[in-house]
Amino acid sequence: MAARIITVFNQKGGAGKTTVACNVAGTLGLRDHKTLLVDMDEQSTASIWASMAPEDRPFPATPVNLAKIANAHREIRKFVPDYDFIVIDCPPAIQSSAPSVALLISDLALIPVGPSGGNLWALEQAKKLATNAQATNEALRVRTVANMNQNSTIIRQVFEALAEDEEMPMLKTKLGNRSAYKEAEATGQTVVSLSGAKEAKQEMNRLVDEILSVLEK
């Protein structure tokens, strides 16, 4: 069976793309799915994240850095027969072609959204990019992901408004603004494999369950 390709992108930095990409890829790997984590960001944050894992407990998805590879989609296609899932972490740059290229070969696009006005502006740009990709890749499904959620009336109202978008709906699971995600990054793990971090584990497992449900439809 060919790999299902999940692209994580947003036009703005700080929305949590790498956090979502690494945790989703790693959680799929921990569920015994053979998973490839593709780093297309020249900052190489996902690659660095995976490299922080200890030798006796490697990161549960296979990392590959294609940030400086021309026609990266052709390289990614070479991996499709060998993996169950491919998760692509894109750079936060409007001028970069990486998201457009990745979306053309993807089954699902995830757009992490942080709780700020700047993130909402960037979301509109990301939606335009996804819509353009869907004109060519008609099978592409797009979902937003509420990230860095906090117990605030304004933040709750922002995410509730986004959840009403029928064209590009928001997944029900919201990721909290938790220190566990920083700990996972610093130690080359996912929040699912951390000791403790009960809330983060639960929400990440729910998120991955939702992603699998969308892909199976």
Margin query: Going through the cross-link list Lys17/Lys127; Lys127/Lys172; Lys12/Lys198, which pairs have a Cα-Cα distance over 25 Å in this structure?
Written below: Lys12/Lys198
Check: Using modelled backbone amide H atoms (1.01 Å from N, in-plane), which distant-in-sequence or interchain residues come within less than 5 Å of Leu104's amide H?
Finding: none
Notebook entry, point to check: All other residues with a Cβ under 10 Å from the Cβ of Lys34 taken together, and with Lys, Arg as +1 and Asp, Glu as -1, what is their net charge?
Noted result: -3
Note to self: For Kirkwood radius over Cα pairs in Å, one of (i) 22.0; (ii) 17.0; (iii) 17.9 was computed from the structure I shared and the rest are decoys. Which label?
What the structure shows: (ii)
Checklist line | Estimated vicinal HN-Hα couplings, Hz - the range 7-19 in sequence order (Karplus 6.51, -1.76, 1.60; Gly, Pro = x) | finding: 9, 10, 8, 6, 7, 10, x, x, 7, x, 4, 5, 4
Check: Considering only protein heavy atoms, what per residue accessible area in square angstrom results for the chain with a 1.4 angstrom probe?
Finding: 47
Check: How would you rank 26-34, 197-205, highest first, on the average number of other Cβ atoms within 10 Å across their residues?
Finding: 26-34, 197-205
Check: Based on the Cβ-Cβ distance from Thr136 to Val80, what FRET efficiency comes out when R0 is 22 Å, to the nearest 0.05?
Finding: 0.80
Next item on the list: Give me the net charge of Thr18's neighbourhood, meaning all other residues with Cβ under 14 Å from the Cβ of Thr18; Lys, Arg count +1, Asp, Glu -1.
Entry: -2
Notebook entry, point to check: Under a point-charge model restricted to the Cβ atoms of Lys and Arg (+1) and Asp and Glu (-1), what is the dipole moment magnitude of the chain relative to its Cα centre, in debye to the nearest 20?
Noted result: 80
Check: Which order, highest average first, do 73-82, 127-136, 186-195 follow once you tally other Cβ atoms within 10 Å for each residue and take the mean per peptide?
Finding: 186-195, 127-136, 73-82
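The values are calculated or read from the model by the stated rules, or taken from the named source; none is laboratory data. All values derive from a computational prediction rather than experimental measurement. Reconstructed Cβ throughout: ideal geometry from the backbone, glycine too, with neighbour counts over all protein chains shown. Note: accessible area is taken over every heavy atom of the protein model, side chains too, but ligands, DNA and RNA are not part of it. Shrake-Rupley method; radii C 1.70, N 1.55, O 1.52, S 1.80 Å.
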